Amino acid sequence: MPAVDACVARLRGTVVGALAAREGMNALVVNDLSKQFPTRSEPLVVLRGVSLRLDAGENAAIVGPSGSGKSTLLSIIGGLEPPTGGNVELAGDDPWRLDPQQLARFRNMRVGFVFQEHYLLPQCSVLENVLLPTLAAGGPSRQSVERATMLLDRVGLANRLEHRPAELSGGERQRAALARALINRPLLVLADEPTGNLDRIAGQNVAELLLELQTIERTILIVVTHSRRLADLMQRRWELADGRLCPVAE
């Protein structure tokens, strides 16, 4: 019936609009970001007016030559390195307007980091390493232990919970690092060359797993990589060159 169809259409539009608004609230917005470092002569300009936006559930790759500022950009977005100009907002909060204690909480709770090196503590078990980010909130709860166990199961390490990092392969260590990055349910995951130290097969497995977990968790994902194969898996691709961020032509 036309009246029923119209009602269903209105309801569908309302639901879709509400979901879109909720996703937008968890957006990452980078506006006119600049960064320069002082030198003995003139300042070294690394970033020039970089802007981008990603909503919850979206992912992107940033490529570019070594030394182009890709890691610096991730550090600013993740609250590790202050910008010279411009601003960053994640779910409406600019980390560089927070006091030091708030900034530390922002990094720990809202951002998950995955680096080229896994940075697992050698004296701790795999499970303990994944739970490390929970220490800032007073230590692991029963729920966080359950989540860590679930994440390790998802990354194929359910039978490695009590192993030390030295007992794992390179790919397994990086998979543990992925689980650790997600333990606090971050809104944003920043991955800097996450497959750079892995062979082709292990790198492919980690890349596919990273995307699978990002999709399930509905996080925003930004990957810095030299790997064309990894970059091609992302929804969006940008190149950073001469301090400027430009879309990569399909």
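The values are calculated or read from the model by the stated rules, or taken from the named source; none is laboratory data. What you are looking at is a predicted structure, and each value in this text was computed from that prediction instead of being measured. As a convention, Cβ positions derive from the backbone with ideal geometry for all residues, glycine included, and neighbour counts pool all protein chains shown. With ligands, DNA and RNA removed, areas are computed over all heavy atoms of the protein, side chains included. Shrake-Rupley method; radii C 1.70, N 1.55, O 1.52, S 1.80 Å.
The table that follows gives values for the structure above.
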{"read-out": "Within segment 109-133, considering residues that are at pLDDT 95 or above and polar (S, T, N, Q), the one nearest to Ile222 (Cα to Cα)", "value": "Asn129"}
{"read-out": "Enumerated helices (runs of 4 or more DSSP H) restricted to segment 86-175, each holding at least 2 residues that are under 18 Å from the mean Cα position of the chain (by Cα), closer than 30 Å to Arg244 by Cα and not β-branched (Val, Ile, Thr)", "value": "100-110"}
{"read-out": "Residue under evaluation Gly138, criteria (1) buried (at least 20 other Cβ atoms within 10 Å of the Cβ); (2) modelled with pLDDT under 95; (3) farther than 24 Å from Gly196 by Cα, criterion not met", "value": "(1)"}
{"read-out": "All positions within segment 197-250 that are among the small types (Gly, Ala, Ser) and either over 14 Å from the mean Cα position of the chain (by Cα) or in a loop (DSSP other than H, G, I, E, B) (or both)", "value": "Ala202, Gly203, Ser227, Ala231, Ala241, Gly243, Ala249"}
{"read-out": "Those strands (runs of 3 or more DSSP E) lying entirely in segment 23-67 with at least 2 residues closer than 19 Å to Leu80 by Cβ, in contact with a Lys or Arg (Cβ under 9 Å, 6 or more places away or on another chain) and open to solvent by 30 Å² or more (accessible area, probe 1.4 Å)", "value": "28-37"}
{"read-out": "Any chance Gln116 is closer than 26 Å to Ala202 by Cα, surrounded by fewer than 19 Cβ atoms within 10 Å (Cβ to Cβ) and touching a strand residue (DSSP E or B) at 6+ places or on another chain (Cβ under 8 Å)", "value": "yes"}
